[in-house]
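Novice: Let me give you the structure first, and then I'll get to my questions.
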Amino acid sequence: MCGIFAYTGKKESLPILLDGLTSLEYRGYDSAGIYMAETGSVKSVGAVENLKLKIKGDEKGKSGIAHLRWATHGEPTEINAHPHHDAKEHIWVVHNGIIENFKELKEFLTKRGRVFLSSTDTEVLAHLISYYLDEKKNFEQAVIAALNDVKGTYGIAVSYKNEPEKIIAARQGAPVVVGIGDGENFIASDPSPILRYTKDVIFLQDGEVIVITPSSHLIYKLDSSQIKRDKETIEWEVEQARKSGYEHFMLKEIMEGPEVIENTIRGRLIVEEGLAKLGGLEMVAEKLRSMKRIIIVGCGTAYYAGLVGEYMIEEYAGIPVEVEVGSEFRYRKPLIDEHTILLAVSQSGETADTLEAIREAKRKGVLTLGIVNTVGSTIARETDAGIYNHAGPEMGVASTKAFVSQLAALSLLTLFLGRQRQMSLSTGKRIAEEIKLLPEKIKQITDKKEEIQKVAQKYSEARDFLYIGRKYNFPIAYEGALKLKEVSYIHAEGYGAGEMKHGPLAMIDEHFPTLAIVPSDSVYEKNVSNIQEIKARKGKVVSVVTEGNKELDDLSDDTIKIPKTLEMLSPILTIVPLQLFAYYFATTKGLNVDRPRNLAKSVTVE
Ligand code: G6P
């Protein structure tokens with residue numbers, strides 16, 4: 001998501017801050033800003049280059065904070081760009097994360113005469129710290145007091161005009177790294193902008209606050225007690241640091257799965273009431289109650305997410321759903337009435353075919369919704385309402401973390417629509433409880449990545465691969481095959497397991513392996529029969545099964561085990577081993593998985 005950076009030391013900070021931002025650019029962003037206590041702030045929308053153009057040359061100071069914003073609350077505008085400040089312009093804050101209770105805090109502060117300039121959640125932090133300074137707390141105490149009032153996630157750096165040498169940083173759910181230099185110290189979202197100055201770092205833990213000056217660093221907990229932590233030396237190169245030490249963005253993004261689901265569902269589940277709270281749909285909630293049909297559009301991975309959504313929404317909300325690729329929807333005659341809505345799914349929010357499908361639907365007077373990852377993107381702006389993924393920027397061309405987050409968002413939408421209709425409180429609660437458990441369950445899968453790597457290596461000479469699944473995992477067969485195609489360039493085909501005997505079975509022999517997605521669900525027995533048909537033709541089978549399943553250990557050549565969850569949510573788990581399988585399959589062949597040939601991350605042409 002956003003990137004924060006701060007410096008305090010003996011040198012002029014401006015070039016260091018700008019370099020820091022350039023190093024963080026790879027994280028993806030839409031606006032940038034810096035603040036130096038002596039000369040104030042400079043902000044701009046777009047590239048760091050735009051920010052540099054706004055620098056007059058007389059900005060100076062031996063410390064400062066800097067930020068790249070990847071919008072979550074409020075459009076990417078200069079006013080919303082960080083750093084944010086209090087009324088007196090004494091306290092300046094850069095923030096990565098989401099303040100969940102910002103509305104309550106804003107109300108509290110507004111009642112006490114504070115005036116807000118931006119529509120960000122971050123601005124409340126600056127006002128809140130300033131409020132505690134006015135209450136006669138010192139800088140450190142004021143920051144700690146404010147953080148005790150905050151719910152949500154943050155990696156922050158705070159500067160105070162009256163104590164310019166001091167920077168205070170804190171972490172809760174968003175990374176903060178502290179660089180310990182010689183007469184200078186740094187704060188950043190990851191080590192990449194720090195490594196050129198020092199390899200000695202401290203990784204701040206959740207619930208910790210650090211106060212740095214050029215020559216000191218003191219760590220506190222939120223109860224104000226002081227703690228000691230030794231610095232560690234990291235040997236990563238800058239490129240490695242950007243990937244959190246992983247070899248590729250694709251692997252880093254698959255491994256981020258648990259955190260991504262946490263971010264997508266944060267603040268959106270009321271488990272005890274079996275409800276999903278989706279702020280972005282509030283405005284249209286009444287229209288959604290009377291809506292009778294949904295058309296989901298998307299391209300590539302987003303389209304497959306839509307197919308899973310079809311199963312979820314039809315089964316649990318009882319609303320008929322059709323799913324269509326954007327490039328087809330716009331060229332046929334869609335049969336639409338006033339009770340139909342169009343739901344666009346898109347990571348980038350810029351895919352031309354999806355966008356044109358939305359425009360076509362709008363021309364026909366249809367209400368349009370979006371499940372979009374990039375805030376302020378064209379699709380986010382042009383749809384009437386929607387749900388943001390909050391998955392953070394995705395760098396790998398082959399979509400991985402965005403997919404799991406799209407599925408999580410669709411499960412929230414299903415809960416939302418279902419509870420507007422017939423879904424009982426107990427079903428709602430069960431779904432909400434299971435959604436909450438997903439991050440931990442994904443982690444159990446990613447923890448076994450070496451096991452999956454061995455399986456992928458074993459099959460890496462295969463020139464074809466068939467992927468089969470049924471019901472909720474039918475689209476996962478498509479998506480699993482797409483991942484392998486995208487990154488390894490071999491022929492991979494997704495198929496409904498029941499359709500095998502209507503064609504693909506003819507291709508099966510000992511050189512044509514199958515990846516079968518067979519969790520213990522309502523179609524398990526049927527899938528087992530299909531696997532038997534493949535085995536009878538000497539086909540090799542890798543099965544993704546639920547933990548505790550012994551039957552398929554015997555029947556398959558290899559099995560990959562995943563934790564049990566609700567059938568509806570099983571795709572969120574089954575896709576993870578398939579992503580890892582594709583990753584290791586391709587890297588065994590030495591291919592560039594982050595930038596596959598002939599493909600683009602965002603396709604803005606027809
Ligand atoms: C491209 C990307 C895919 C992505 C698709 C849709 O083809 O390579 O990974 O699934 O576009 O992109 P969107 O940004 O709309 O989700």
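The values are calculated or read from the model by the stated rules, or taken from the named source; none is laboratory data. Predicted model only: the values in this text are computed from it and were never measured. A quick note on method: Cβ atoms are made from the backbone with ideal geometry, for glycine too, and the neighbour counts reach across all protein chains shown.
Novice: So which pairs qualify, if the first residue must be in region 348-361 and touching a residue at least 60 places away in the same chain (Cβ under 8 Å), the second must be more than 7 Å from the ligand (Cβ to nearest atom) and hydrophobic (A, V, I, L, M, F, W, C), the Cβ gap must be under 6 Å, and the two must be at least 6 apart or on different chains?
Specialist: What qualifies is Ala352/Val605; Ala357/Val297; Ala357/Phe329; Ile358/Ala344; Ala361/Leu342.
Novice: Another question about this same structure. In region 360-387, which residues are within 15 Å of the ligand (Cβ to nearest atom), in a loop (DSSP other than H, G, I, E, B) and small (Gly, Ala, Ser)?
Specialist: The initial filter retains those residues of region 360-387 that are within 15 Å of the ligand (Cβ to nearest atom), namely 368-383, 386-387.
In the following step, the residues that additionally are in a loop (DSSP other than H, G, I, E, B) were identified as 373-377, 383.
Matches in region 360-387: Gly376, Ser377.
Novice: Criterion first (surrounded by 18 or more Cβ atoms within 10 Å (Cβ to Cβ), among the small types (Gly, Ala, Ser), in a helix (DSSP H, G or I) and in contact with a strand residue (DSSP E or B) (Cβ under 6 Å, 6 or more places away or on another chain)) does Gly33 satisfy it?
Specialist: Answer is no for this residue.
Novice: Right, here's the next one. For region 503-532, how many residues are part of a helix (DSSP H, G or I) and closer than 27 Å to Met568 by Cβ? Steps first, answer last, please.
Specialist: Quick first cut of region 503-532, residues part of a helix (DSSP H, G or I) only: 504-507, 524-532.
Narrowing the set further to residues that are closer than 27 Å to Met568 by Cβ leaves 504, 524-532.
Within region 503-532, residues that are part of a helix (DSSP H, G or I) and closer than 27 Å to Met568 by Cβ number 10.
Novice: Also: Exactly one of (1) under 24 Å from Ala174 (Cα atoms); (2) within 14 Å of the ligand (Cβ to nearest atom); (3) in contact with a helix residue (DSSP H, G or I) (Cβ under 9 Å, 6 or more places away or on another chain); (4) outside any strand (DSSP E or B) is unmet by His390. Its number?
Specialist: Only one criterion in (1) under 24 Å from Ala174 (Cα atoms); (2) within 14 Å of the ligand (Cβ to nearest atom); (3) in contact with a helix residue (DSSP H, G or I) (Cβ under 9 Å, 6 or more places away or on another chain); (4) outside any strand (DSSP E or B) is unmet by His390, namely (2).
Novice: Restricting region 583-593 to residues that are in contact (Cβ under 8 Å) with a residue 24 or more places away in the chain and assigned to a loop (DSSP other than H, G, I, E, B), which is nearest to the ligand (Cβ to nearest atom)?
Specialist: Here the residue is Val593.
Novice: Output the qualifying pairs, or none if there are none: Cβ atoms under 7 angstrom, residues six or more apart or on different chains, first residue in region 594-606 and over 23 Å from Lys243 (Cα atoms), second residue more than 6 Å from the ligand (Cβ to nearest atom) and assigned to a loop (DSSP other than H, G, I, E, B).
Specialist: Thr604/Glu350
Novice: Something else now. Among the residues in region 172-182, are any of a type in the set (D, E, K, R) and crowded, with 17+ Cβ neighbours inside 10 Å?
Specialist: The answer is no; no qualifying residue exists.
Novice: Within region 422-434, is there a residue that is away from the ligand (no atom under 13 Å from the Cβ), within 19 Å of Lys601 (Cβ to Cβ), of a type in the set (Gly, Ala, Ser) and not assigned by TED's automatic domain parsing to the domain that holds Glu78?
Specialist: No, every residue in region 422-434 fails to be away from the ligand (no atom under 13 Å from the Cβ), within 19 Å of Lys601 (Cβ to Cβ), of a type in the set (Gly, Ala, Ser) and not assigned by TED's automatic domain parsing to the domain that holds Glu78.
Novice: Would you check if Gly274 is of a type outside the set (Lys, Arg) and either within 22 Å of the chain's Cα centre (by Cα) or modelled with pLDDT under 95 (or both)?
Specialist: So Gly274 fails the test.
Novice: May I pose another question? Can you say whether Val201 is in contact with an Asp or Glu (Cβ under 9 Å, 6 or more places away or on another chain), crowded, with 19+ Cβ neighbours inside 10 Å and in contact (Cβ under 8 Å) with a residue 60 or more places away in the chain, as far as the supplied structure shows?
Specialist: In short, no.
Novice: Could you check how many residues of region 545-574 are part of a helix (DSSP H, G or I) and under 19 Å from Thr264 (Cβ atoms)? Give the derivation first.
Specialist: To start, the set of residues in region 545-574 that are part of a helix (DSSP H, G or I) comprises 551-555, 567-574.
The next check asks that each one be under 19 Å from Thr264 (Cβ atoms); those that pass are 568-574.
Summing the residues that are part of a helix (DSSP H, G or I) and under 19 Å from Thr264 (Cβ atoms) in region 545-574 gives 7.
Novice: In addition: Return the total of residues in region 73-100 being surrounded by fewer than 21 Cβ atoms within 10 Å (Cβ to Cβ) and either in contact with a Gly (Cβ under 9 Å, 6 or more places away or on another chain) or part of a strand (DSSP E or B) (or both). Outline the logic, then answer.
Specialist: Within region 73-100, the first condition is being surrounded by fewer than 21 Cβ atoms within 10 Å (Cβ to Cβ), and the residues that meet it are 73-79, 87-90, 100.
Now drop any that are not either in contact with a Gly (Cβ under 9 Å, 6 or more places away or on another chain) or part of a strand (DSSP E or B) (or both), which leaves 74-78, 87, 89, 100.
Selection size over region 73-100: 8.
Novice: Quick one: Asn598 ticks every box in (1) within 16 Å of the ligand (Cβ to nearest atom); (2) polar (S, T, N, Q); (3) in contact with a helix residue (DSSP H, G or I) (Cβ under 9 Å, 6 or more places away or on another chain) except a single one, so which number is it?
Specialist: Going through the list (1) within 16 Å of the ligand (Cβ to nearest atom); (2) polar (S, T, N, Q); (3) in contact with a helix residue (DSSP H, G or I) (Cβ under 9 Å, 6 or more places away or on another chain), Asn598 breaks only (3).
Novice: Still on this structure: Please go through region 412-468 and pick out each residue that is surrounded by 15 or more Cβ atoms within 10 Å (Cβ to Cβ) and of a type in the set (Ser, Thr, Tyr).
Specialist: Residues satisfying the conditions are Thr414, Thr427, Thr446, Tyr459, Ser460, Tyr467.
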